[in-house]
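What follows is a short report on a single structure.
The values are calculated or read from the model by the stated rules, or taken from the named source; none is laboratory data. Quick caveat: nothing in here was measured; it's all calculated off a predicted structure. So basically every Cβ, Gly included, is an ideal-geometry build from the backbone, and we count neighbours across all protein chains shown. We work out accessible area using only protein heavy atoms, side chains counted, and drop any ligands, DNA or RNA first. Shrake-Rupley method; radii C 1.70, N 1.55, O 1.52, S 1.80 Å.
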Amino acid sequence: MKVQGNTILITGGTSGIGRGLAEAFHKLGNKVIIAGRRQALLDEIIAANPGMEGIQLDVQDSAAVTKFTETVAKKYPDLNCLINNAGITKIENWKKGDVDINDVSGIIQTNITSVIQLTLALLPLLKKHKNATVITTTSGLAFVPLVVAPTYSATKAFLHSWLQSIRSQLDGAVEILELAPPYVQTEFGGKEQAEDPRAMPLNEYVEEVIALLKVNDTPNGEVLVERVRDFRQCVTTDQYDKTFSMINSMFQLV
Ligand SMILES: NC(=O)c1ccc[n+]([C@@H]2O[C@H](COP(=O)([O-])OP(=O)(O)OC[C@H]3O[C@@H](n4cnc5c(N)ncnc54)[C@H](OP(=O)(O)O)[C@@H]3O)[C@@H](O)[C@H]2O)c1
């Protein structure tokens, strides 16, 4: 992907990785549009980054997603890059039966269904442009599940599989990239995650991602910073069990 001269739409642009990428791409001179539910954050971020735009969107509302894609197509005919980044997670205790089907559906709708809906609706517009790219945020947990978050981990594994298929079908007409972050200091799993020393600092993560994109270091369409490569590689080596135990000893049910 070229990292300049794009018109980029980023879902989940109000915080964490999405906000970090939005601001980095904005600094590089791209036209950036962020989407998320929290209007106050959209306002704050666009005020801090003149030229950036924001649109409120709840990706769990599929009618709203349809309307949103129509608005985006009309307002931003130059859109050539979609970053599917919004995501949620939830701890599930299957032993205690502490699992709410509504939470499970919400994770699937947010992490999978809305990604497919947005991509499907915006592909015709993206395809009109040279250098069209779709980046979808998965996770190191797409390769090795976190036992305490079964649905979340499985949604990311789903995306990893789905991305391989659509990448192959589109055959370069649109570049399909998978962004698989390691554990990063955001508030994704709660406020304490943003300060967890085991997690990668957000600014370092964003810098490394942009550096990889700049030199097209995205083998098989995967954007993998150094910290997540063990997760990716263990799938094809005898290190899988060791990696599974390591990650799952860090996070256990209480
Ligand atoms: N941080 C990590 O350790 C880590 C590791 C691997 C993968 N990831 C992935 O990275 C992505 C970003 O997460 P993050 O770490 O940056 O956490 P975050 O700060 O919590 O960001 C999540 C983003 O998703 C948006 N979002 C959630 N539900 C939404 C909905 N219904 N409609 C619209 N937007 C919604 C949020 O915006 P609003 O609340 O404003 O709607 C927010 O901007 C996620 O896909 C996550 O799975 C994170």
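Taking 7 Å steps out from each Cα toward its Cβ at Val215 and Tyr240 produces label points 3.1 nm apart.
If you line up the long axis of helix 114-127 against the longest principal axis of the chain, both from Cα atoms, how many degrees apart are they, to the nearest 10? On a 0 to 90 degree scale, this one is about 30. Which FRET efficiency value, to the nearest 0.05, is calculated for Asn248 and His129 with the Förster distance at 45 angstrom and r the Cβ-Cβ distance? FRET efficiency, Asn248 to His129: 0.60.
Within the accessible surface of the stretch 6-160, defined with a 1.4 Å probe on protein heavy atoms only, the carbon and sulfur portion equals 56 percent. Annotation for Leu120 and Asn102: the two label points, set 7 Å from Cα along the Cα-Cβ direction, are 2.6 nm apart.
When a/c reaches 1.5 or more, the comparison of a/b and b/c decides; with that in mind, is the stretch 100-254 rounded, prolate or oblate per its Cα gyration tensor? The shape class here is prolate. For the listed peptides 219-227, 156-164, a ranking on the average number of other beta carbons within 10 Å per residue, highest first, reads 156-164, 219-227. Which of the residue pairs Lys27/Lys90; Lys128/Lys156; Lys31/Lys74; Lys31/Lys67; Lys2/Lys191; Lys67/Lys191 have a Cα-Cα distance greater than 26 Å in the structure shown? Beyond 26 Å: Lys27/Lys90; Lys128/Lys156; Lys2/Lys191; Lys67/Lys191. Of the peptides 122-128, 93-99, the order by per-residue mean of other Cβ atoms within 10 Å, starting with the highest, comes out as 122-128, 93-99. Spacing of the modelled spin labels on Asp58 and Glu208, each 7 Å from Cα toward Cβ, amounts to 3.6 nm.
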